[in-house]
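Shown next, in structure tokens, is the structure this report addresses.
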Amino acid sequence: MASVVDVVNKALDKLGYGAITSLDDGTKAANLADRTWPLVRDQALRDHPWNFAVTRTNTAPLSSTPDWDFLYWHELPSDCLRLLEIKDVRSDQYQIEKGRILTNESVLYIRYIARIEDANEYDSLFIDAVASLLAYEMCESLTQSNSKMKNLYGMYENAMLRAKKVDAMENPPATFKTDSWIEVRY
């Protein structure tokens, strides 16, 4: 079971820096991690449709309506980091503006990347990747080493590549609906 402190300590290990006991223990590393962690976590989550972070829901329209072009506003869920799909709605049939989906559909079924705050839900390869990104982001403040910073970014890129690859292999291949335009070619 991993905690946020475990992820932060993994990042600090990559920096060659001492461990913390909590995000509010008052040390320079803890204060920096407390400020940096939520931003880095959301950035890494948003970067890929991680199996542990993808969720589905449906939305009802808001009571107010857009001034023009669309009939309905739908509020994105508060934990939505990135919209992945609206079931049975083409990408030219909706628009995202200010945290709302504008569309002519009264009910939407959406898939999105959710903000997952509980580190126990993270995949172990994601933990390594996000710890590398956190180490990169904290490097300048804690070590003042440009060469270490450069190496950490390379570690992050490699860890993300590996984590994305394994995450993608856990899903079956995507199948796409055919329509008359495609069927004519056969």
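Every condition in (1) in contact with an Asp or Glu (Cβ under 7 Å, 6 or more places away or on another chain); (2) in contact (Cβ under 8 Å) with a residue 24 or more places away in the chain is met by MET149 except one, and the failing one is (2). Checking each residue in the stretch 52-107 for being under 29 Å from ASP167 (Cα atoms), hydrophobic (A, V, I, L, M, F, W, C) and in contact (Cβ under 8 Å) with a residue 24 or more places away in the chain picks out PHE52, ALA53, VAL54, LEU76, CYS80, LEU81, LEU83, LEU84, ILE86, ILE101. Looking at the stretch 29-47, is at least one residue hydroxyl-bearing (Ser, Thr, Tyr) and in contact with a helix residue (DSSP H, G or I) (Cβ under 8 Å, 6 or more places away or on another chain)? Yes, some residue in the stretch 29-47 is hydroxyl-bearing (Ser, Thr, Tyr) and in contact with a helix residue (DSSP H, G or I) (Cβ under 8 Å, 6 or more places away or on another chain).
Which one is farthest from the chain's Cα centre (by Cα) among residues in the stretch 85-142 that are within 21 Å of HIS48 (Cβ to Cβ) and of a type in the set (Phe, Trp, Tyr)? Taking the candidates together, the pick is TYR136. Go over the candidates THR143, THR103 one by one and state the one that is among the β-branched types (Val, Ile, Thr) and over 30 Å from ARG90 (Cα atoms). Only one candidate passes the filter, namely THR143.
With respect to (1) within 21 Å of LEU12 (Cβ to Cβ); (2) not assigned by TED's automatic domain parsing to the domain that holds GLY18, the lone exception for ARG90 is condition (1). Can you spot a residue in the stretch 9-25 that is surrounded by fewer than 16 Cβ atoms within 10 Å (Cβ to Cβ) and touching a strand residue (DSSP E or B) at 6+ places or on another chain (Cβ under 8 Å)? Checking the stretch 9-25: not a single residue is surrounded by fewer than 16 Cβ atoms within 10 Å (Cβ to Cβ) and touching a strand residue (DSSP E or B) at 6+ places or on another chain (Cβ under 8 Å).
Tallying residues that are polar (S, T, N, Q) and closer than 30 Å to ALA2 by Cα within the stretch 88-132 yields 3.
The values are calculated or read from the model by the stated rules, or taken from the named source; none is laboratory data. Given the structure is predicted, the values throughout are model-derived calculations rather than measurements. Here the Cβ is made from the backbone with ideal geometry for all residues, glycine too, and neighbour counts use every protein chain on show.
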